[in-house]
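Report on the following structure.
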Amino acid sequence: MRPMTDHLDESASTIRVHDHGFVRLDDSMADDLSVVNGARVSFAKRKDEMSGADEGLIRFLMRDRHGSPFEHNAFRFHIRCPIFVAREWFRHRIGSFNEFSMRYAKATDDFYLPAAEDVRTQVGKPGAYSFEPVSGELAAQARDEIQAVYDQAFDTYTRLVEAGVARELARAVMPVGAYTQFYWTVNARALMNFVSLRNAEFAQREIRVYAEAVESLFAAKMPFTHEAFVANNRVAP
């Protein structure tokens, strides 16, 4: 029962993530030249092709944090991820979101079940946590118990809907491990801010793999901008 992904175009720029998720670059109006022309309009100049001087300009803009020229572009992503990942994602407010609604459409039985190697224990204090793997026995137990909760929740949801309870109320039983999907439109400056925080050492593992996918699609479209971003210690301008 996976109607949310039946329409997915595998020929598009799609990266599969986790067990049922993906990052797809649905469309874009983005290249390095958009940064160059956004900056050079200050001098009433416009370029049609990149040059070595333009690459230097991008590095200068990034290094000195002249951020507005990085906003004259757009990426539209289609994301499918667990609800708890989406809630972290939506904290990045400079962008536009439209999300799947369980008020209007039936939920699916797709839930995030961590791989055994991703079941971990938390060590340390808030702000300074480290994470360590657990024993194989505990990982198996955790996966079994998580799956049991998913099964019970979806069975309850299905019974309520079939009995006539409104979807907007029946959805209350769905765990945050359920998959949702959304469209995200964002410019390169805000995208770099997202990547700098979510594809980072201390980001939660489940969202970090999504941020890695986003970054790889960004780098393919704006290679000189991405190179300057990395050279600037991955600090967004």
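All distinct Cα pairs of the range 113-175 go into the 1/r average, and the inverse of that average, the Kirkwood radius, is 13.9 Å.
The Stokes-Einstein estimate for the range 108-148, based on a Kirkwood radius over Cα pairs and taken at 37 °C with 0.692 mPa s viscosity, is a diffusion coefficient of 288 µm²/s. Comparing Glu215, Glu88, Glu132 in a Gaussian network model of the chain (Cα springs below 10 Å), the most mobile by mean-square fluctuation is Glu132.
Taking the charge dipole of the range 127-192 about its Cα centre, with +1 at Lys and Arg Cβ atoms and -1 at Asp and Glu Cβ atoms, the residue from Phe154, Asn187, Leu138 reaching farthest to the positive side is Asn187. What separates the Cα centres of the range 123-143 and the range 38-93 is a distance of 37 Å.
Each Lys and Arg adds +1 at its Cβ and each Asp and Glu adds -1 at its Cβ; summed about the Cα centre, the range 57-164 shows a dipole of about 840 debye.
Taking the 0 to 90 degree range and rounding to the nearest ten, how far is the long axis of helix 52-63 tilted relative to the main principal axis of the chain, both from C-alpha atoms? On a 0 to 90 degree scale, this one is about 60.
Summarising the label geometry, the points placed 7 Å from Cα in the beta-carbon direction at Asp151 and Asp64 lie 6.3 nm from one another.
Based on Cα contacts under 8 Å between residues 6+ apart, the range 113-175 shows a relative contact order of 26 percent.
One chain, two ends: Glu227 and Asp26. Fully extended at 0.36 nm per residue, the span grows by 70.1 nm beyond their Cα-Cα distance.
Compared with the direct C-alpha span, the chain from Ala220 to Phe131 gains 28.9 nm at full extension, assuming 0.36 nm per residue. With the simple spin-label model, which puts each label point 7 Å out from Cα in the Cβ direction, the Gln141 to Ser96 separation comes to 5.0 nm. Quick one, which of [x] 12.3; [y] 15.5; [z] 13.8 is the actual mean projected area of the Cα convex hull in nm² calculated for this model? Recomputing mean projected area of the Cα convex hull in nm² here gives the entry labelled [y].
For Lys45, the lysines whose Cα falls under 28 Å of its own Cα, not counting residues fewer than eight places away in the same chain, are Lys221. Listed from fewest to most Cβ neighbours within 10 Å, the set Lys106, Lys45, Lys125, Lys221 follows the order Lys125, Lys45, Lys106, Lys221.
Per-residue ellipticity at 222 nm computed for the chain from its helices equals -12500 deg cm²/dmol, with DSSP H segments shorter than 4 residues left out and the rest contributing -39,500 (n - 2.57).
Laboratory data are not the source of any read-out in this text; all were calculated from the coordinates shown. If you're wondering where the values come from, they're calculated on a predicted model, not measured in any experiment. In this analysis, Cβ positions are derived from the backbone assuming ideal geometry, glycine residues included, and neighbour counts consider all displayed protein chains.
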